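Enquirer: The structure that follows is given in the form of structure tokens.
The values are calculated or read from the model by the stated rules, or taken from the named source; none is laboratory data. Just so it is clear, the model here is predicted, and its values are computed rather than measured. No Cβ is skipped: glycine too gets one built from the backbone with ideal geometry, and neighbour counts run over all protein chains shown.
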Amino acid sequence: MQLDIDFVRSQFSQLNDDSDFVFCSNAGGSYVSNQVQTVMEHYNRHTRVQPYEKYKTSNEAGQAMDRAINGWAQALNIDSSELTIGPSTSLNTYVMANAIGSSLNKGDEIIVTNQDHEANNGVWRRKAEEHGITCKEWCADPVSGLLDPQSLYELVNEHTKWVFFTHCSNIVGTSNPVQTITSEIKKRSNARVFVDAVAYAPHHISDLKALNVDGYVFSLYKVFGPHQSLMYIKKEVYNELTPQCHYFNHYYSEKLLNPAGPQHAQVASCAGVLDYFHDLYNHHFNDQSLSSAQKMAEIHTLIAQHEDRLGAPILDYLSNSKKIRLLGKTHTLDRDRAPTIAFVPTGQSSLQVATKMQNQGIGTESGDFYALRLVTDLGINPDDGVVRISLVHYSSHQDVEKILLALDNALTDHS
Ligand SMILES: Cc1ncc(COP(=O)(O)O)c(C=O)c1O
């Protein structure tokens, strides 16, 4: 069975706005599914009141929010009390860093990477500095940009308190094997593991209990939904954290890490992403006995197959071109590479190539994508960065053909 791409594309109204335009900046933010628009509009038109009171509208507003919270907890195979829904991943990690801070004592160590987006980087480095503890860096290969798990294991010891790394780099597009890495870290230490899945979740929604991580975060505005970020923190970790919410809310773990308070309509519309995946599941499969997390796994098998087929011709073209330096793996193996493809042109700037593609109707982009440490350590001009082509499962084979044509024109034309 293959993903029914016509059905998929019919679920995103923005894809029909301009049929000639090819959107390939999805890693910056995806289109929003129609199901999300429906939930958001319903909330704003009919239940826009303070939620969780006993009167009808307020009760419905609370139920709409609970549907999102409980639905996502089921999809991720976690308890709803372990889920924080905050305004963005950068803010969620900022708050989490403040919550962790006071548990860091002299002699403790943390590990971060130079592959991560700054949202899963600077906040932890700053906390280490404030508390006078050692912060080690797990370094990516300076040529490919890939992380070697073996070099991480050499950094882990009995003093390691937290390890922070990414599920998938937003530049090199390659996934790190989170389950294996987490299990190896836990064999060597009592360290907690926190993973940024912002660049991974648009391609795969994970079973978090199976990954056995202690923290996991991603942004729904890159997963066909509203501008919200979901952060999982394992139940037992809450005892180690300093609450960041109002003092009278300290007993509610779902409020502990959200000083902002929930954005009601946005939270409710997170359920629309699940409605979209359920519609996708029901269109392709009919076994209703599966759990929400199992249905997610099934649908993401089809998504991964489609995405692999989209990425392959672009990776083939780029890995054979003498006019660019391709970052990350040249092929996908066992779903280890998302179709998030970055390269550095030789002989012209990334900005020039991206602009030439944009002028041909290709919505690509260039820059450091807030992974400045990686760009710099790969020896790339930080002021120019890389060209990034990022596709998701609603991208089509026709999109890829147009991208390849525009790319070839842009790399050939040196004007
Ligand atoms: C890999 C990665 N992590 C974190 C972030 C930050 O997410 P947010 O914009 O929700 O703060 C981004 C945003 O581009 C990202 O790509």
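Enquirer: Show the residue pairs meeting these rules: Cβ distance below 6 Å; 6+ apart or different chains; first residue within the range 4-32 and under 18 Å from residue 364 (Cα atoms); second residue more than 16 Å from the ligand (Cβ to nearest atom) and part of a loop (DSSP other than H, G, I, E, B).
Expert: Note: pairs meeting the criteria are 20/361; 21/361; 31/12.
Enquirer: Further question: Give the range 127-155 a look and list any residue that's closer than 15 Å to residue 102 by Cβ and either within 16 Å of the ligand (Cβ to nearest atom) or in a loop (DSSP other than H, G, I, E, B) (or both), or say none.
Expert: 131, 132, 133
Enquirer: Among the residues of the range 350-366, which ones are closer than 25 Å to residue 142 by Cα and either more than 16 Å from the ligand (Cβ to nearest atom) or of a type in the set (Ser, Thr, Tyr) (or both)?
Expert: 350, 351, 352, 353, 354, 364, 366
Enquirer: Applying the selection to the range 158-175, what residues are within 11 Å of the ligand (Cβ to nearest atom), touching a strand residue (DSSP E or B) at 6+ places or on another chain (Cβ under 6 Å) and not in a strand (DSSP E or B)?
Expert: Hits for the range 158-175 are 167, 171, 173.
Enquirer: For the range 177-213, name all the residues that are buried (at least 24 other Cβ atoms within 10 Å of the Cβ) and out of contact with any strand residue (DSSP E or B) (no Cβ under 6 Å at 6 or more places or on another chain).
Expert: Passing the criteria: 202, 203, 205, 206.
Enquirer: Somewhere in the range 40-56, is a residue surrounded by fewer than 17 Cβ atoms within 10 Å (Cβ to Cβ), within 16 Å of the ligand (Cβ to nearest atom) and modelled with pLDDT of 95 or more?
Expert: So far as the range 40-56 goes, no, none of its residues is surrounded by fewer than 17 Cβ atoms within 10 Å (Cβ to Cβ), within 16 Å of the ligand (Cβ to nearest atom) and modelled with pLDDT of 95 or more.
Enquirer: With a cut-off of at least 3 residues that are touching a Gly at 6+ places or on another chain (Cβ under 7 Å) and β-branched (Val, Ile, Thr), name the helices (runs of 4 or more DSSP H) lying wholly within the range 1-102.
Expert: In the range 1-102, 34-46 are the helices (runs of 4 or more DSSP H) which contain 3 or more residues that are touching a Gly at 6+ places or on another chain (Cβ under 7 Å) and β-branched (Val, Ile, Thr).
Enquirer: When you check residue 68 against the structure, is it aliphatic (A, V, I, L, M), within 16 Å of the ligand (Cβ to nearest atom), buried (at least 16 other Cβ atoms within 10 Å of the Cβ) and closer than 30 Å to residue 294 by Cα, yes or no?
Expert: no
Enquirer: Also: If the Cβ limit is 9 Å and pairs must be 6+ apart or interchain, which residue in the range 136-159 that is in the same structural domain as residue 328 (by TED's automatic domain parsing) pairs with which residue that is surrounded by 12 or more Cβ atoms within 10 Å (Cβ to Cβ) and assigned to a loop (DSSP other than H, G, I, E, B)?
Expert: Hits for this filter: zero, empty list.
Enquirer: So which helices (runs of 4 or more DSSP H) are wholly in the range 203-292 and hold at least 1 residues that are within 14 Å of the ligand (Cβ to nearest atom)?
Expert: By residue number, 264-284.
Enquirer: I'd like to check something: does the range 367-385 contain any residue that is within 16 Å of the ligand (Cβ to nearest atom), of a type in the set (Lys, Arg) and closer than 22 Å to residue 169 by Cα?
Expert: yes
Enquirer: Since residue 64 meets every condition but one in (1) out of contact with any Asp or Glu (no Cβ under 8 Å at 6 or more places or on another chain); (2) not assigned by TED's automatic domain parsing to the domain that holds residue 217, which condition does it not meet?
Expert: (2)
Enquirer: If I filter the range 98-111 for residues that are within 16 Å of the ligand (Cβ to nearest atom), within 18 Å of residue 147 (Cβ to Cβ) and among the β-branched types (Val, Ile, Thr), do I get at least one hit?
Expert: no
Enquirer: Oh, and also: Given the options 178, 195, name the one that is within 15 Å of the chain's Cα centre (by Cα), under 20 Å from residue 149 (Cβ atoms) and within 11 Å of the ligand (Cβ to nearest atom).
Expert: The match here is 195.
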